[in-house]
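K.L.:
I'd like to ask you about the structure that follows.
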Amino acid sequence: MKTCKRLAALLLALLMAFSLFACGAKNSEPETGKKYIIASDNAFAPFEYLDTETNAYVGIDMDILKAIAEDQKFDYEVQNVGFDAALNQVQSGQADGVIAGMTITDERKLTFDFSEGYFDAGQILVVPANSDIKGLEDLKGTNVAVKISTQGADYAQSIAKEYGFEVTTYEDSPTMYQAVIQGTNSACFEDDPVARYSIQSQNLELKVVGDVINAKPYGFAAKKGENSELIDMFNAGLVNIKANGVYDEILAKYGY
Ligand code: GLN
């Protein structure tokens, strides 16, 4: 009987010690070992683009993510795979999240969870610098370039019949611009800040025409129902970097 009690006491003590240890380990290292893979676009200045001098991807998205990760103390690695590939990587579980100038839409909310918006942008019509096209009415009988899986592509497809134009889909923004510059296509739809920044910084023979279409916030996203802690950290970090001025500094660095 006595040994039985002793054994029980010993077991209890061991159990308590173990649970204490387990708790302690959990509390002191909340995210150890976890390195989030974040997918992004690869040519979407000023949000993410290759800095040819440093051979690193830079931009508003890259800087915001870095500042938020520092603030929230999580480890991550960015894979700049292109917009369509980035969305696919998140859906297939190859990436934990995506930051890519991605517009928050109701349709995407069916398959993605979004953070709060961190930047507002809509699309705009982009034409060759010497083009007579002034608006949608002038697209009749022409072929318009779009970038796969984007809001610009959705919009073009939704009005193509009404305005009587064809649509050609390209893999990325630079290829789409070149198709317009070379005259393969009459125009393209691109996010307004990206079109303006690219035309100016790369001296492209293009111009924007008409009004900004469907202005909406960009959000950080994860696959629906997965990585909610990542969305929470992004939101918490965004509040902090807005409060401490870092967010404004980042935008100012890219001319906003
Ligand atoms: N904002 C646009 C969208 O979400 C384009 C994004 C992009 O090309 N990186 O569809």
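K.L.:
Take the stretch 160-256, compute every pairwise Cα distance, and split them into 10 Å bins from 0; I just need the percent in each bin.
P.N.:
11, 30, 30, 22, 7
K.L.:
Report the label-to-label distance for Glu162 and Ile37 in nanometres (one decimal), using points 7 Å from each Cα along the Cα→Cβ vector.
P.N.:
Taking the simple label geometry, Glu162 and Ile37 are separated by 4.0 nm.
K.L.:
For Asn130 and Asp51, what does the FRET efficiency come to when R0 = 30 Å and r is the distance between their Cβ atoms, rounded to the nearest 0.05?
P.N.:
My answer for the efficiency is 0.45.
K.L.:
Also, quick follow-up: At 0.36 nm per residue, minus the direct Cα-Cα distance, what do Tyr254 and Lys73 gain on full extension? Give it in nm, one decimal, please.
P.N.:
Fully extending the segment from Tyr254 to Lys73 adds 62.7 nm.
K.L.:
Applying 1/(1 + (r/R0)^6) with R0 = 45 Å to the Cβ-Cβ distance of Thr175 and Ala243, what FRET efficiency is obtained, to the nearest 0.05?
P.N.:
The pair Thr175/Ala243 has a calculated efficiency of 0.70.
K.L.:
Please list, by residue number, every one of the GluC sites (Glu not before Pro) in the stretch 101-199 that is coil in DSSP and has at most 10 other beta-carbon atoms within 10 Å.
P.N.:
Filter output for the stretch 101-199: Glu107.
K.L.:
If packing is taken as the mean number of other Cβ atoms within 10 Å per residue, what is the order of 200-211, 84-95, highest first?
P.N.:
Sorting 200-211, 84-95 by mean packing, highest first, produces 84-95, 200-211.
K.L.:
If you don't mind, another one. For the chain, give the share of DSSP beta bridges that are antiparallel, in percent and rounded to the nearest 5; count only bridges with both residues there.
P.N.:
Around 60 percent antiparallel, to the nearest 5.
K.L.:
Turning to a different aspect of this structure: In the stretch 48-100, which GluC sites (Glu not before Pro) fall in coil by DSSP and have 15 or fewer other Cβ atoms within 10 Å?
P.N.:
Counting only loop positions with at most 15 other Cβ atoms within 10 Å, the GluC sites (Glu not before Pro) in the stretch 48-100 are Glu53.
K.L.:
Per residue Cα convex hull volume for the stretch 85-130, in cubic angstrom?
P.N.:
113
K.L.:
How much length would be gained if the chain were fully extended between Lys109 and Glu137, taking 0.36 nm per residue of separation minus their Cα-Cα distance, in nm to one decimal?
P.N.:
Once the chain is fully extended between Lys109 and Glu137, it gains 6.9 nm.
K.L.:
Related question: Just to verify a number: FRET efficiency for Gln182 and Gln91, C-beta to C-beta distance, R0 = 35 Å, to 0.05?
P.N.:
The pair Gln182/Gln91 has a calculated efficiency of 0.60.
K.L.:
Would you mind pulling out the separation of the Cα centroids of the stretch 191-256 and the stretch 109-166, in Å?
P.N.:
For the stretch 191-256 versus the stretch 109-166, the Cα centre distance is 18 Å.
K.L.:
Which value at 222 nm does the chain reach when only helices count, each DSSP H run of 4 or more adding -39,500 (n - 2.57), with the total divided by all residues and rounded to the nearest 500 deg cm²/dmol?
P.N.:
Result for the chain, helices only: -13000 deg cm²/dmol.
K.L.:
What net charge is computed for the residues neighbouring Asn88, neighbours being all others with C-beta under 15 Å from the C-beta of Asn88, Lys and Arg scored +1, Asp and Glu -1?
P.N.:
Within the 15 Å Cβ shell, the charges total -2.
K.L.:
Still on this structure, please answer the following. Do the alpha carbons of any pairs in Lys134/Lys161; Lys35/Lys207; Lys34/Lys224 sit beyond 30 Å of each other, and which pairs?
P.N.:
Pairs exceeding 30 Å: Lys35/Lys207.
K.L.:
Hey, what's the Kirkwood Rh for the chain if you take every pair of different alpha carbons, in angstrom?
P.N.:
Evaluated over the chain, this radius sits at 20.4 Å.
Computed from the coordinates by the stated procedures, all read-outs in this text should not be read as laboratory data. In this text, all values refer to a predicted model and were calculated from it rather than measured experimentally. When we count neighbours, we look across all protein chains shown, and the Cβ atoms used for this are built from the backbone with ideal geometry, even at glycine.
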